[in-house]
Amino acid sequence: MNLEDLAGKCGEWLRGSGPESDIVISSRIRLARNLAEFPFVRRASDDEKAQIAATTQAKIESIDSWKNVLYLDLDRLDEVDCQFLVERQLMSREMADSSGDRSVVIDVNERFSVMVNEEDHLRIQVMCSGLDLRTAWGQIERLDDDLEQKLNYAYHDSLGYLTACPTNVGTGLRVSVMLHLPALVITREIEKVFRSLQKINVAVRGLYGEGSQFMGDFYQISNQITLGRSEEELVDTVSEVVPRIIEYERRAREFLVNESEQDLHDDVSRAYGILCTAKKISSEETLHYLSKVRMGVNLGLIRSIEMETINKLFVHTQPAHLQKLRGQELSVADRNIERAAYLQTHLAPKGGDHRN
C-alpha cells in the first residue's frame, strides 16, 4: 500500500454513509500524548526527535492489531505528497510545514492516523462518516489503550496528560465535527450561529482546522478546553451542540425551498453547469460550486449524482490530489485545466435530464 493507492480511493469518512450525512461530513476525535522520557517537541533536539520517532515506530510494529498500517517518514516525502496528506485530513498543515524527524502512521482504510512529532510527540486521530462521535470515541479509546501499554505517557495525577499547549492539558482530547452549512451562509444566519457557539466554549474552524479559511461552506465545530472535564463530558458537549446546528441548517434549507425555490434551483443548476462545462477552473471556484451542487443533491434538485461522488470531488480536485492522480507535478494553470477535465468526467450527465 502506498500514497498512489490512497489517491485513487475514497476514505471511509468521505463515503457519506454515516448518520446525518447530508449535513455532517465527518466526526473526528484527536488525542494529544507525549512520552515521559523526552522533552516536548519544540524543546527536543534533532537526536531526541529521531529517538521519539524510532521508539514510536518500534512499539507500533509490535502491536498485533496494527499490522495493516502505512508508516511514512515525512523527510522522505516531497511537497506534493505532504500536501496530499493534508488535503486527505490525515495530518495537519502545521506538520507539513515543519521540519525535522517526523512521521505519520495511516490505517489503509483511513479510519485513523497518528502524527509523530507534530506539536506533541503523538497526535492520534480517528475519523468516521457523518455524526458518529460515539463510534469514534470507542475506536480511539482502544487505539490509545494499545499505545499506552507500549509507551510511557507523560501524566500528572492532578493535571492529567501533559501536553505542549496548556489548552490541551488534561484529557488531551479534541472532539471535532465537520459540517456543510450552505443554507445558513446563503440566508446570512451563519454569524449568529457562531456567536452562540462562542458562549458555550465551542470553537469554529475552517476546512483544515485551526487557522484555516472557511471554504466550500465547510465548518469544523470542536471543544475549546480539555482541562477539568472528562473525555465523556467533552464528547457529550459537542454531541449536544451539533444537532442544534443541524436543525438550524435544515430550517434554512426549508426556508430557501419554500420562499425562493426557483432562485435556488437556478443557482444550483448554474453551479452544476459550470462544473460540467468549464475548460479551466480554480480549486476555490470548484469548492464554491460543489457546495451548491451538494446541497442541490440533498434537496432532490439534482438526481443523477451520488453523495459519495460529490464528497470525493471536494478532495480529489485539490491541488496535490490532482497531481497524484495525474502522476506528475502540474503548474497552477495546468492544474486548472486538469481539474475541469476531471470534474467533467465525474459530473457530466450520461444522457437524460439531471433535474426533476
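The values are calculated or read from the model by the stated rules, or taken from the named source; none is laboratory data. Keep in mind that what you see is a predicted model, and the values were worked out from it rather than measured. In this analysis, Cβ positions are derived from the backbone assuming ideal geometry, glycine residues included, and neighbour counts consider all displayed protein chains.
Quick look at the numbers
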| quantity | calculated |
| --- | --- |
| Any hit, the range 237-249, residues being outside the structural domain of Gln318 (by TED's automatic domain parsing), in contact with a strand residue (DSSP E or B) (Cβ under 9 Å, 6 or more places away or on another chain) and without any contact (Cβ under 8 Å) to a residue 60 or more places away in the chain | yes |
| Pairs where the first residue, in the range 66-89, is in contact (Cβ under 8 Å) with a residue 24 or more places away in the chain and the second is hydroxyl-bearing (Ser, Thr, Tyr) and assigned to a strand (DSSP E or B), C-beta under 7 Å, 6+ apart | Tyr71/Ser103; Leu72/Ser103; Asp73/Ser103; Leu74/Ser103 |
| Residues of the range 100-130 that turn out to be within 17 Å of Ala164 (Cα to Cα) and free of Cβ contacts under 8 Å to residues at least 40 places away in the same chain, as a count | 1 |
| Identity of the residue in the range 155-192, over 19 Å from the mean Cα position of the chain (by Cα) and among the small types (Gly, Ala, Ser), that ends up surrounded by the most Cβ atoms within 10 Å (Cβ to Cβ) | Ala183 |
| Filter result (among the hydroxyl-bearing types (Ser, Thr, Tyr), surrounded by fewer than 19 Cβ atoms within 10 Å (Cβ to Cβ) and within 21 Å of the chain's Cα centre (by Cα)) within the range 115-154 | Thr135 |
| Any hit, the range 268-276, residues being closer than 30 Å to Thr163 by Cβ, hydrophobic (A, V, I, L, M, F, W, C) and outside the structural domain of Tyr161 (by TED's automatic domain parsing) | no |
| Condition check for Glu259: closer than 23 Å to Glu189 by Cβ, acidic (Asp, Glu) and modelled with pLDDT of 95 or more | no |
| Pair list, Cβ < 7 Å and 6+ apart or interchain, from the range 178-201 residues that are farther than 12 Å from Ile245 by Cα to residues that are of a type in the set (Phe, Trp, Tyr) and not in a strand (DSSP E or B) | Thr187/Phe255 |
| Residue in the range 315-338 that is in a loop (DSSP other than H, G, I, E, B), under 24 Å from Arg250 (Cα atoms) and modelled with pLDDT under 95 present | no |
| Count of the range 112-165 residues which are assigned to a loop (DSSP other than H, G, I, E, B) and either of a type in the set (Val, Ile, Thr) or in contact with a helix residue (DSSP H, G or I) (Cβ under 7 Å, 6 or more places away or on another chain) (or both) | 10 |
| Single match in Lys279, Lys312, Lys292 (criterion: closer than 25 Å to Glu338 by Cβ and surrounded by 22 or more Cβ atoms within 10 Å (Cβ to Cβ)) | Lys292 |
| In the range 170-195, the residues that are more than 14 Å from Arg251 (Cα to Cα) and among the aliphatic types (A, V, I, L, M) | Leu173, Val175, Val177, Met178, Leu179 |
